[in-house]
Amino acid sequence: MKHIDVNFYPGWTRKSITFTIDDGNLAMDEKFLDIVKPAGIIGTFNLCTPLRKGVSAEEYRRFYRGYEIANHCHRHPHAFTVNRQPKITDKPFDETTADTALAYPMGEEGFYRIYTRNWNYYIATDDKYVEFVDTCTEVLEDVFGKGIIKDFVWPFGEQQNAALMQRLIDHGFRSIRATGDVSDSTGFALPADRMHWTYNAHNRTLLENAAKYDAYPDDGELKFFAFGVHSIDFDRDGNWGDLEEFCAKYGNRPEDFWYASVGNILDYEDAIKSLVITDHEIRNDSDVDLYIMIDGIRKRLCAHSAIAL
């Protein structure tokens with residue numbers, strides 16, 4: 001009986017590296033890309049709408065070319081949740097007299113403004129939230145191409161609203177990201193629940209957790225390292241040097257890491273799971289090439305092909 005090992009990424013490595021960056025801050029994303037792009041590191045940008053005025057669709061496509069684009073919701077709103085149920089008022093918003101317990105109308109049904117701690121934020125009913133999600137997909141696909149938006153990222157992290165969560169799932173998103181730094185608590189496993197996953201490091205824990213990841217022993221399973229969450233975080237905390245050090249240490253090492261977007265990593269996992277292995281062959285019915293070993297010999301199993309055993 002031949003020994004078959006299918007748990008490899010392209011390049012016959014078991015470790016992937018990606019990033020998940022929110023909001024579409026073009027100035028900060030440009031600085032971020034100036035650092036990560038030469039290191040060969042690829043990831044996902046999660047964009048809100050409206051997109052920046054004065055920037056054409058072609059400029060957006062050129063700027064983010066080669067990276068995955070995900071839905072981060074039109075207007076970047078909170079949702080009404082168990083812990084966030086402000087009283088809705090019909091009074092016009094006035095920052096000088098605003099009551100932090102009230103939600104003030106924004107001129108669109110189901111969409112409100114709340115004033116708290118000298119900071120305004122938006123909140124939407126479930127119906128309005130889903131409308132905003134659809135708007136974001138429509139706008140982004142008009143720019144980047146039909147059918148390319150497959151993933152959703154919660155603004156402000158996952159909202160505690162089970163009904164809204166189910167409606168997003170019913171929209172058919174391939175994955176829905178929450179937020180938070182899980183470090184190595186899962187053994188750097190691929191997301192077990194794609195509708196509620198998070199990244200492994202933020203800008204302040206990037207070097208610490210990347211070192212743990214690099215040193216993590218080969219246990220025969222595919223690994224996942226995603227860092228986030230805003231390019232501006234590096235600017236705010238003055239630690240662009242950490243990103244530069246990360247790229248110097250962990251970039252341009254294709255023999256150790258597969259650099260891919262979040263979506264490509266998830267699709268690759270699905271392709272492995274769809275392999276058909278019989279006594280006579282291994283068949284790859286997916287659209288991606290897979291990298292396997294048979295009796296210790298590396299084999300590239302092309303999309304829609306088979307290898308005889």
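The values are calculated or read from the model by the stated rules, or taken from the named source; none is laboratory data. It should be emphasised that the depicted structure is a prediction, and the values quoted were computed from it without experimental measurement. Methodologically, a virtual Cβ is constructed for each residue, glycine included, from the backbone with ideal geometry; neighbour enumeration extends over all protein chains shown. These area figures cover heavy atoms from the full protein model, side chains too; ligands, DNA and RNA do not enter into them. Shrake-Rupley method; radii C 1.70, N 1.55, O 1.52, S 1.80 Å.
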Is it true that ASP22 is within 20 Å of the chain's Cα centre (by Cα), charged (D, E, K, R) and either buried (at least 17 other Cβ atoms within 10 Å of the Cβ) or in a strand (DSSP E or B) (or both)? yes
I'd like the residue in segment 25-57 that is touching a residue at least 60 places away in the same chain (Cβ under 8 Å) and among the hydroxyl-bearing types (Ser, Thr, Tyr) and, out of all such residues, is surrounded by the fewest Cβ atoms within 10 Å (Cβ to Cβ). THR49
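Within segment 208-222, can one find any residue that is surrounded by fewer than 19 Cβ atoms within 10 Å (Cβ to Cβ) and in contact with a helix residue (DSSP H, G or I) (Cβ under 7 Å, 6 or more places away or on another chain)?
Looking through segment 208-222, at least one residue is surrounded by fewer than 19 Cβ atoms within 10 Å (Cβ to Cβ) and in contact with a helix residue (DSSP H, G or I) (Cβ under 7 Å, 6 or more places away or on another chain).
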Of those in segment 271-281 that are over 13 Å from ALA303 (Cα atoms) and either of a type in the set (D, E, K, R) or assigned to a helix (DSSP H, G or I) (or both), the residue least open to solvent (accessible area, probe 1.4 Å) is GLU281
Hits in segment 107-119 (condition: loosely packed, with under 10 Cβ neighbours inside 10 Å and over 20 Å from VAL133 (Cα atoms)): ARG117, ASN118, TRP119
Taking segment 115-169 and keeping only residues that are in contact (Cβ under 8 Å) with a residue 60 or more places away in the chain and β-branched (Val, Ile, Thr), one is left with VAL133, THR135, THR137, VAL139, VAL143, ILE148, ILE149, VAL153
Given TYR60, TYR104, which one is surrounded by 19 or more Cβ atoms within 10 Å (Cβ to Cβ), farther than 15 Å from PHE144 by Cα, among the hydroxyl-bearing types (Ser, Thr, Tyr) and touching a residue at least 12 places away in the same chain (Cβ under 8 Å)? TYR104
Taking segment 256-309, which residues are hydrophobic (A, V, I, L, M, F, W, C) and over 30 Å from the mean Cα position of the chain (by Cα)? ILE277, ILE282, ILE294, ILE297, ALA306, ILE307, ALA308, LEU309
Among the residues of segment 136-161 satisfying the criterion of being among the charged types (D, E, K, R) and within 14 Å of the chain's Cα centre (by Cα), which is nearest to GLY24 (Cα to Cα)? ASP151
So which pairs qualify, if the first residue must be in segment 228-239 and open to solvent by 60 Å² or more (accessible area, probe 1.4 Å), the second must be charged (D, E, K, R), the Cβ gap must be under 7 Å, and the two must be at least 6 apart or on different chains? ASP237/ARG204
Just to be sure I understand, how many residues within segment 2-19 are of a type in the set (S, T, N, Q), in a loop (DSSP other than H, G, I, E, B) and open to solvent by less than 30 Å² (accessible area, probe 1.4 Å)? 0
